[in-house]
Amino acid sequence: MKSLIFERGLLIGGERVVLSLFRAPPGFVLERRLIERDQTTFVQVLPITVPYDVQRFAVADNYSKELAPLYYEVRCQLLESRTFG
């Protein structure tokens, strides 16, 4: 069972992008939701085995510049969990 530990979103060019970090055995899962103007939603799911997984995912994100503060918060949450680092 997964439990939500972080969720933030931004409006970018009429679309909403939401990052949600879950604690899920055996570690963590990051979900990135892109909600378009017509409410069509696309979800990407990233199982996180090491903190660097988030960095690689963020660099590949089309909105990486706009979402940089949110990805930073996700990395901080992972480090604070003491599971990583």
Return yes when residue 37 is open to solvent by 50 Å² or more (accessible area, probe 1.4 Å) and at pLDDT 95 or above and no when it is not. yes
State whether the residues of segment 49-68 include one that is modelled with pLDDT of 95 or more, under 9 Å from the mean Cα position of the chain (by Cα), open to solvent by 70 Å² or more (accessible area, probe 1.4 Å) and over 15 Å from residue 81 (Cα atoms). no
Consider residue 46 carefully, then state whether it is over 18 Å from residue 10 (Cα atoms), touching a residue at least 40 places away in the same chain (Cβ under 8 Å) and surrounded by 12 or more Cβ atoms within 10 Å (Cβ to Cβ). no
So, first residue over 19 Å from residue 76 (Cβ atoms) in segment 5-24, second residue open to solvent by 40 Å² or more (accessible area, probe 1.4 Å) and charged (D, E, K, R), Cβ within less than 6 Å, six or more apart or across chains; the pairs are 12/66; 14/37; 15/36
Residue among 30, 10, 19 that is under 12 Å from residue 70 (Cβ atoms) and open to solvent by 40 Å² or more (accessible area, probe 1.4 Å): 10
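The values are calculated or read from the model by the stated rules, or taken from the named source; none is laboratory data. Note that the coordinates shown come from a computational prediction; the quantities given were computed from them, not determined experimentally. Glycine also receives a Cβ, built like all others from the backbone with ideal geometry; neighbour counts cover every protein chain displayed. The protein model used for the area step is the full one, side chains on, heavy atoms only, and it has no ligands, DNA or RNA in it. Shrake-Rupley method; radii C 1.70, N 1.55, O 1.52, S 1.80 Å.
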